[in-house]
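A quick write-up on the structure given underneath.
The values are calculated or read from the model by the stated rules, or taken from the named source; none is laboratory data. Everything numeric here is computed off the predicted structure, so don't read it as measured data. Here the Cβ positions follow ideal geometry from the backbone for every residue, glycine too, while neighbour counts run over all protein chains shown. Keep in mind that these areas ignore ligands, DNA and RNA; they rest on the heavy atoms of the full protein, side chains included. Shrake-Rupley method; radii C 1.70, N 1.55, O 1.52, S 1.80 Å.
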Amino acid sequence: DKCIELLKLEGGLLADGIDFDWEHLSQDASIKMEQRQTLAKTMYALRQAMDKAGMHNKSIGYTTRFNAFWDDAHGNVPDGYEHFASDGEGLTVEETLRDMGSSLNEIVNWVHIMQYDVPPTSLNCTHHFSLQTYITTFDAFSKYVDNDKIVMGFEPGPQAAGGVWEGETVDNQVRFGDWGGE
């Protein structure tokens, strides 16, 4: 209700919508599942409330880490990739939404992938991310979200947690789809 009130302020012109920026979950295993399910239920409730209030023009965004749609429990972690506490977050969100008769693709207008804040070695790369690194990530996300809703962030220069910029060439290959895909 408070989110709807905020979106109505100043005629709703100040906000395009709400982004759930959730790329760093609790490391506490006893509440991790509850957090993920709460995130899904909150996004679902917000979409319902926005639609009921006639706010079809307002968006819901979901910012998550690159590994949201793979984890050991589902047996779909790419070879050579390091385990992260945030593995599978999107899978839990999707499963919770499906239990509610919906899906992430129906709820969100876009999904922003945070991939630049990890060291390349954790993603099976020697010095920097390769085009194949991005293809692997996009393939995992596109099983759950339409391609035109997927947004990839890039961060040139020094990055958090040992991330290394892959360079303009790879950025442009990803940006312009220079891998033979759509």
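A few remarks follow.
- Segment 52-63 - residue that is among the hydrophobic types (A, V, I, L, M, F, W, C) and assigned to a loop (DSSP other than H, G, I, E, B) and, of those, farthest from the chain's Cα centre (by Cα): Ala53
- Any hit, segment 36-51, residues being assigned to a loop (DSSP other than H, G, I, E, B) and of a type in the set (A, V, I, L, M): no
- Criterion violated by Met55 - all others in (1) open to solvent by 10 Å² or more (accessible area, probe 1.4 Å); (2) modelled with pLDDT of 95 or more; (3) in contact with a strand residue (DSSP E or B) (Cβ under 9 Å, 6 or more places away or on another chain) satisfied: (2)
- Search result, residues across segment 97-126 that are among the acidic types (Asp, Glu) and farther than 26 Å from His83 by Cα: Asp99, Glu106
- Qualifying residues in segment 122-154 (those that are assigned to a loop (DSSP other than H, G, I, E, B) and modelled with pLDDT of 85 or more) - the one most open to solvent (accessible area, probe 1.4 Å): Lys143
- For first residues located in segment 33-53 and over 24 Å from Ala85 (Cβ atoms) and without any contact (Cβ under 8 Å) to a residue 40 or more places away in the chain, partners that are open to solvent by 60 Å² or more (accessible area, probe 1.4 Å) and in a helix (DSSP H, G or I) and lie 6+ apart or on another chain with Cβ distances below 7 Å do not occur.
- For segment 103-121, the set of residues classified as open to solvent by 50 Å² or more (accessible area, probe 1.4 Å) and either among the hydrophobic types (A, V, I, L, M, F, W, C) or part of a loop (DSSP other than H, G, I, E, B) (or both) consists of Asn109, Trp110, listed by residue number.
- For segment 81-124, a residue qualifies if it is out of contact with any Lys or Arg (no Cβ under 6 Å at 6 or more places or on another chain) and among the acidic types (Asp, Glu), and the qualifying residues are Glu82, Asp87, Glu94, Glu95, Asp99, Glu106, Asp117.
- The set of residues in segment 64-102 being open to solvent by less than 50 Å² (accessible area, probe 1.4 Å), under 17 Å from the mean Cα position of the chain (by Cα) and farther than 19 Å from Gln27 by Cα consists of Val77, Glu94, Thr96, Leu97.
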